[in-house]
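Enquirer: The structure's right below; bear with me while I get my questions together.
The values are calculated or read from the model by the stated rules, or taken from the named source; none is laboratory data. Everything numeric here is computed off the predicted structure, so don't read it as measured data. Neighbour counts run over all protein chains shown; Cβ positions are idealised from the backbone, glycine included. Each accessible area value is taken on the protein alone, full model and side chains, heavy atoms only, with ligands, DNA and RNA left out. Shrake-Rupley method; radii C 1.70, N 1.55, O 1.52, S 1.80 Å.
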Amino acid sequence: MTAVDVKTPPATPVAPARRPRRLTPGRIVLVAVLTIAAIYFLVPVYWLIVATTKNNDSLYGSFGFWFDNPQLLHNLGNVFAYDRHIYLQWALNSLLYAGVGAVLATLFSAAAGFALAKYQFRGREAVFKFVLAGVLLPSTALALPLYLLFSKLHLTDTYWAVLIPSIVSPFGVYLCRIYAEASIPDSLLEAARVDGAGEERIFATLVLRIMTPALVTVFLFQFVHIWNNYFLPLVMLSDDRKYPITLGLVTWQQAADRVPELTQYTIGGAFVSVIPLAFAMLVLQRFWRTGLTEGSVKE
Amino acid sequence: MTTSSVKSAQPGAGDSARPTAPPKATGRRRTRRARPDRKAWLFLGPFLAVYLFAMIIPVFYAIYQSLLKVERSGPLGLGAPKVVFGGLDNYAIALQQDAFLEGFGRVLLFGIVQVPVMLLLSLVLALLLDQISDRWAGLMRATYFLPYGIPGVIATILWGFLYVPGISPITEMLGDLGFQPDFLGPDTVLWSIANIVIWEFAGYNMLIIVAQLKSVPQELYEAARIDGAGPWQIALRLKIPLVRPALILTCVFSIIGTMQLFAEPLVLKKIAPAVIPDYTPNLSAYFDAFSNANIYVAAAKSVILAVVAMVLSFGFLSLVTRKQRSER
């Protein structure tokens with residue numbers, strides 16, 4: 001882990017041409033545009049923070065961008081207590097789907113990408129093209145076909161129905177192949193073989209370590225992708241105890257005209273679900289950067 | 001571990017602007033011994049198995065289902081339903097539904113406007129961030145990227161509250177200024193959805209562009225500066241052409257994303273009557289399968305949608321690469 005953040009700003013010469021910053025009109029416009037953009041991206045989140053602290057009356061009766069009788073803990077307590085702690089169950093489900101799914105997706109992608117990069121075998125290019133086609137296949141257009149197939153196999157409304165499709169990441173294979181090609185020297189593999197290491201051992205001890213930055217990227221991509229996915233669990237699951245947060249919150253939101261306090265719970269639930277991911281985004285966006293261009297080199 | 005991964009990480013991160021030629025073992029004949037290459041299938045196996053099961057087979061299964069239809073026997077069609085081969089009937093049914101085609105038109109219009117606006121915003125932000133000090137750039141980058149971590153449906157719930165009069169401080173503020181905006185009306189809701197999608201993905205696309213900008217050697221800018229280029233010229237003549245691959249990539253992903261538009265309209269449907277079940281092709285297929293219980297037509301619609309998305313993204317890719325070739 002520590003290895004990765006060392007590398008982000010590598011060879012760039014330190015602060016090229018550091019001139020004293022003067023307040024030119026150009027700079028004022030620059031800062032103004034960047035600030036307005038920041039406000040735009042933060043407004044819904046800020047509103048969410050304010051709204052989470054309000055009771056149902058002030059939600060409608062007071063100005064949305066300012067606090068009114070804050071009662072954050074009381075509200076959050078309600079969110080968690082409602083319907084036999086179902087929100088907690090949803091959070092755990094989301095973690096399970098995204099966590100397990102992303103770990104397996106990363107491992108499978110790493111192995112496949114490594115094989116495509118470093119072994120010569122018949123059909124290699126064909127397999128690679130076959131995988132690339134999957135990158136361009138729209139995943140939500142797939143959710144319905146998947147549902148049809150899984151219902152034939154009696155897999156719908158199980159944890160597997162969401163987990164299995166989450167493991168597939170053609171884009172992850174693509175990233176891993178490119179990264180493995182660029183970063184794993186053939187001579188290293190040869191040396192390990194000469195030393196008597198088997199292919200599995202080489203993969204587990206050498207390859208996975210060398211590929212860590214790419215794997216972090218694939219893992220994060222897939223984690224966010226699964227966490228944010230809505231269509232797949234929507235078509236697959238009917239038991240609300242198996243729902244991830246996304247699905248659960250929408251059911252609350254949609255039921256709010258029958259059960260008014262659900263509006264408040266939806267807001268509180270959204271607030272809680274945003275905290276860990278927002279924090280992760282802030283911390284991890286620099287890891288992210290490292291692997292992203294890997295995808296854009298195809299020409 | 002630390003040293004090895006730090007070192008090996010360099011080529012991947014720094015050189016990524018151009019594809020590194022795979023060090024091919026041609027010319028050098030390897031002695032045939034343990035044949036490690038056989039193990040390739042072992043490593044490919046797990047991925048290929050799940051890929052086939054959860055992506056490829058469903059596609060063919062959907063195609064198969066799209067060719068079936070339910071036929072009722074008996075004189076008045078009241079007999080037991082029977083599934084028979086229907087040829088391309090479902091495709092004909094889907095393509096004759098005006099609402100389904102209008103959904104496609106709506107999504108195309110959406111994409112033609114939303115994708116360029118979003119990518120322009122991402123590009124401008126990326127270029128501007130390149131002009132400020134690293135610390136500020138880091139903070140701003142994180143701020144712009146934040147929405148990507150918020151699931152689309154939750155983003156839609158949030159913006160939904162900001163669109164609905166009575167609860168939204170935005171409509172309240174605009175009302176005080178004398179405006180009566182209707183974010184959820186029949187003419188505006190599509191652009192309200194576009195706003196949500198831009199909000200979610202502009203920062204993510206910006207980050208891809210930033211990553212490409214970072215991979216440009218600084219000497220290039222230095223040289224341009226010595227030749228007398230100002231920041232504007234450097235941005236237009238140097239940086240924008242250099243981030244072209246990133247723009248192409250983000251554009252392809254945006255096209256695919258646009259065609260799949262689903263969660264945002266579905267969630268807004270509750271508060272915006274203008275969002276009908278056929279609002280987007282994906283919604284249309286969903287409602288066919290789950291409300292109208294016609295999975296065969298739904299399958300046909302899914303296939304049409306996937307084909308259109310692939311044709312558009314492939315078409316765009318071949319268009320830009322052909323243009324690139326003729327430029328050279």
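Enquirer: Dividing the alpha-carbon radius of gyration of segment A:55-150 by 2.2 N^0.38 Å (N being the number of residues), what value is obtained? Intermediate results must be reported in sequence, preceding the final value.
Expert: On the way: Rg = 23.5 Å, N = 96, 2.2 N^0.38 = 12.5 Å.
Rg over 2.2 N^0.38 Å, computed on Cα atoms: 1.89.
Enquirer: Starting with the highest mean, order B:208-215, B:132-139, A:165-172, A:31-38 by the number of other Cβ atoms within 10 Å, averaged over the residues of each peptide. Provide the component values of the computation, followed by the final result.
Expert: Working: B:208-215: 23.8, B:132-139: 13.0, A:165-172: 25.4, A:31-38: 14.8.
In decreasing order of mean packing, B:208-215, B:132-139, A:165-172, A:31-38 become A:165-172, B:208-215, A:31-38, B:132-139.
Enquirer: Return the carbon/sulfur percentage of the accessible area of the protein assembly as shown, one whole number, probe 1.4 Å, all protein chains in place. Please list the in-between numbers first.
Expert: Numbers: 18570 of 28460 Å².
Answer for the protein assembly as shown is 65 percent, counting heavy atoms of protein chains only.
Enquirer: Oh, and also: Please list B:94-102, B:220-228 highest first by mean number of surrounding beta-carbon atoms within 10 Å per residue. Write out the running numbers ahead of the final one.
Expert: Values: B:94-102: 15.0, B:220-228: 12.3.
The packing order, highest mean first, is B:94-102, B:220-228.
Enquirer: Give the accessible surface of segment B:95-171 per residue, rounded to a whole number of Å², with probe radius 1.4 Å and ligands, DNA and RNA excluded. Kindly include the intermediate steps, with their values, before the conclusion.
Expert: Details: 2860 Å² over 77 residues.
With the other protein chains kept in place, segment B:95-171 gives 37 Å² per residue.
Enquirer: Right, something else. How big a patch of accessible area, both sides summed and in Å² to the nearest 100, lies buried between A and B at a 1.4 Å probe?
Expert: On the way: alone 18100 and 21370 Å², together 28460 Å².
Buried surface at the A/B interface: approximately 11000 Å².
Enquirer: Then there's this: Over the Cα atoms of the protein assembly as shown, each weighted equally, I'd like the Debye log10 I(q)/I(0) at q = 0.09 Å⁻¹, rounded to two decimals.
Expert: -0.80
Enquirer: Okay, moving on. What's the angle, to the nearest 10 degrees (0 to 90), between helix A:124-136's Cα axis and the longest principal axis of chain A?
Expert: Tilt relative to chain A: about 10 degrees.
Enquirer: What percentages make up the Cα-Cα pair-distance distribution of segment B:68-195 when the bins are 5 Å wide from 0?
Expert: 2, 8, 9, 11, 13, 12, 11, 8, 7, 6, 5, 4, 2, 1, 1, 0
Enquirer: Under 15 Å from a point 7 Å along the Cα-to-Cβ line of residue B:72: which residues of segment B:261-300 have their amide N that close?
Expert: Output list for this probe position: B:293-294.
Enquirer: Hey, another quick one. Let me know the Rg and Dmax you get for segment A:126-191 when you use only its Cα atoms, in Å.
Expert: Looking at segment A:126-191, its Cα Rg and Dmax stand at 16.6, 49 Å.
Enquirer: Now for a separate question. Report Rg/Rh for chain B, rounded to two decimals, where Rg is the Cα radius of gyration and Rh the Kirkwood radius.
Expert: On the way: Rg = 25.6 Å, Rh = 24.2 Å.
Ratio of gyration radius to Kirkwood radius for chain B: 1.06.
Enquirer: Also, I was wondering about something else. Report the charge-dipole magnitude of the protein assembly as shown in Debye, nearest 20, computed about the Cα centre from +1 at each Lys and Arg Cβ and -1 at each Asp and Glu Cβ. Display every interim value, and only then the final one.
Expert: Details: 52 positive and 38 negative charges, 589 e Å.
I would put it at about 2820 debye.
Enquirer: Other chains' Cβ within 10 Å of A:124-131 residues: what's the mean? Could you put the intermediate results ahead of the total?
Expert: Numbers: counts 3, 0, 0, 5, 0, 0, 4, 5.
Taking the mean over all residues of the peptide, I get 2.
Enquirer: May I ask for the angle, rounded to the nearest 10°, between helix A:261-292 and the longest principal axis of chain A, with both axes built from Cα atoms and the value confined to 0 to 90°?
Expert: Roughly 30 degrees, rounded to the nearest 10.
Enquirer: Take residue A:125 and residue A:103, extend 7 Å from each Cα along the Cα→Cβ direction, and tell me the distance between the two endpoints in nm.
Expert: About 3.9 nm, to one decimal.
Enquirer: Suppose every K and R has +1 on its Cβ and every D and E has -1 on its Cβ; what is the size of the dipole of segment B:206-328 about the Cα centre, in Debye to the nearest 20? Write down the numbers at each step before the final one.
Expert: On the way: 12 positive and 7 negative charges, 51 e Å.
In debye, rounded to 20, segment B:206-328 gives about 240.
Enquirer: Turning to a different aspect of this structure: So between residue A:92 and residue A:241, what do we pick up on full extension, going 0.36 nm a residue minus the alpha carbon distance?
Expert: On the way: separation 149, 0.36 × 149 = 53.64 nm, distance 1.03 nm.
Length difference between fully extended and current span is 52.6 nm.
Enquirer: Working from Cα positions, state the angle (0 to 90°, nearest 10) between the long axis of helix A:72-118 and the longest principal axis of chain A.
Expert: Compared with the principal axis, the helix lies near 10 degrees.
Enquirer: Between residue A:194 and residue B:218, take the C-beta separation as r, use R0 = 35 Å, and let me know the FRET efficiency to the nearest 0.05.
Expert: Between residue A:194 and residue B:218 the formula returns 0.30.
Enquirer: How far apart, in nm, are the 7 Å Cα→Cβ label points at residue B:324 and residue A:204?
Expert: 4.0 nm
Enquirer: Also: FRET efficiency for residue B:42 and residue B:88, Cβ-Cβ distance as r, R0 = 30 Å, nearest 0.05?
Expert: Working: r = 42 Å, r/R0 = 1.39.
Once rounded, the FRET efficiency stands at 0.10.
Enquirer: Pairs of alpha-carbon atoms within less than 8 angstrom and 6+ residues apart define the contacts here; what relative contact order does chain A have, in percent?
Expert: Details: 279 pairs, mean separation 82.7, N = 299.
Across chain A, relative contact order equals 28 percent.
Enquirer: Further question on the same structure: Going down the table (B:214/B:239; B:69/B:301; A:129/B:323), which pairs top 19 Å between alpha carbons?
Expert: Working: B:214/B:239 10 Å; B:69/B:301 14 Å; A:129/B:323 23 Å.
Pairs exceeding the cut-off: A:129/B:323.
Enquirer: With a length cut of 27 Å (Cα positions projected on each helix's long axis) and a Kyte-Doolittle mean of at least -1.0, go through chain B and give me the DSSP H helices that pass. Let's see the in-between values first.
Expert: Numbers: long enough: B:98-129 (45 Å, 1.96); B:189-214 (37 Å, 1.32); B:295-327 (47 Å, 1.11).
Helix filter hits for chain B: B:98-129, B:189-214, B:295-327.
Enquirer: Rank B:295, B:181, B:247 by how far each Cα sits towards the positive end of the charge dipole of chain B (+1 on Lys, Arg Cβ; -1 on Asp, Glu Cβ) and give me just the farthest.
Expert: It is B:247, whose Cα lies furthest towards the positive end.
Enquirer: Would you mind working out the magnitude of the charge dipole of segment A:72-219 relative to its Cα centre, with +1 at each Lys and Arg C-beta and -1 at each Asp and Glu C-beta, to the nearest 20 Debye? List each step's numbers first, then the result.
Expert: Values: 10 positive and 9 negative charges, 37 e Å.
Roughly 180 debye for segment A:72-219.
Enquirer: Provide the packing ranking of B:103-113, B:279-289, B:179-189, i.e. peptides ordered by the mean count of other C-beta atoms within 10 Å per residue, highest first. Before the final figure, lay out the partial values.
Expert: Details: B:103-113: 16.8, B:279-289: 25.4, B:179-189: 14.2.
The packing order, highest mean first, is B:279-289, B:103-113, B:179-189.
Enquirer: In whole Hz and in residue order, list the ³J(HN,Hα) couplings for segment A:189-195 that follow from phi through the Karplus curve 6.51 cos²θ - 1.76 cosθ + 1.60, θ = phi - 60°; x for Gly and Pro.
Expert: Taking θ as phi minus 60°, the curve returns 5, 4, 4, 5, 5, 4, 6 Hz for segment A:189-195.
Enquirer: Counting only other chains, and only Cβ atoms inside 10 Å, what mean value do you get across the residues of B:56-65? Mind showing how you got there, number by number?
Expert: Values: counts 6, 3, 11, 8, 2, 6, 8, 1, 2, 5.
Average per residue, whole number: 5.
Enquirer: Per residue of A:198-209, what is the mean number of Cβ atoms on other protein chains within 10 angstrom of that residue's Cβ? Don't skip to the answer; put the middle values down first.
Expert: Working: counts 3, 8, 3, 0, 2, 3, 0, 1, 1, 1, 1, 5.
So the per-residue partner count for this stretch is 2.
Enquirer: Hey, got the Cα dimensions of segment A:69-227 along the principal axes, in Å, largest first?
Expert: Largest first, segment A:69-227 extends 67, 38, 27 Å along its Cα principal axes.
Enquirer: Continuing with this model, one more query. List every residue whose amide H lies under 5 Å from the amide H of residue B:71, counting only residues 5 or more places away in sequence or on a different chain, with H placed 1.01 Å from N in the peptide plane.
Expert: Answer set, sorted by chain and number: B:82, B:83, B:84.
Enquirer: Leaving out ligands and nucleic acids, note down the accessible area per residue over segment B:197-238 with a 1.4 angstrom probe, in whole Å². All intermediate terms of the calculation are to be shown ahead of the outcome.
Expert: Numbers: 1920 Å² over 42 residues.
Heavy-atom accessible area per residue stands at 46 Å².
Enquirer: If you don't mind, another one. Across 5 Å bins from 0, what is the distribution of all Cα-Cα pair distances for chain A, in whole percents?
Expert: Percent of pairs per bin, in order: 1, 5, 9, 11, 12, 12, 12, 11, 9, 7, 5, 3, 1, 0, 0, 0.
Enquirer: How much FRET efficiency would the formula 1/(1 + (r/R0)^6) give for residue A:155 and residue A:251, where r is the Cβ-Cβ distance and R0 is 25 Å, rounded to 0.05?
Expert: Working: r = 22 Å, r/R0 = 0.88.
The pair residue A:155/residue A:251 has a calculated efficiency of 0.70.
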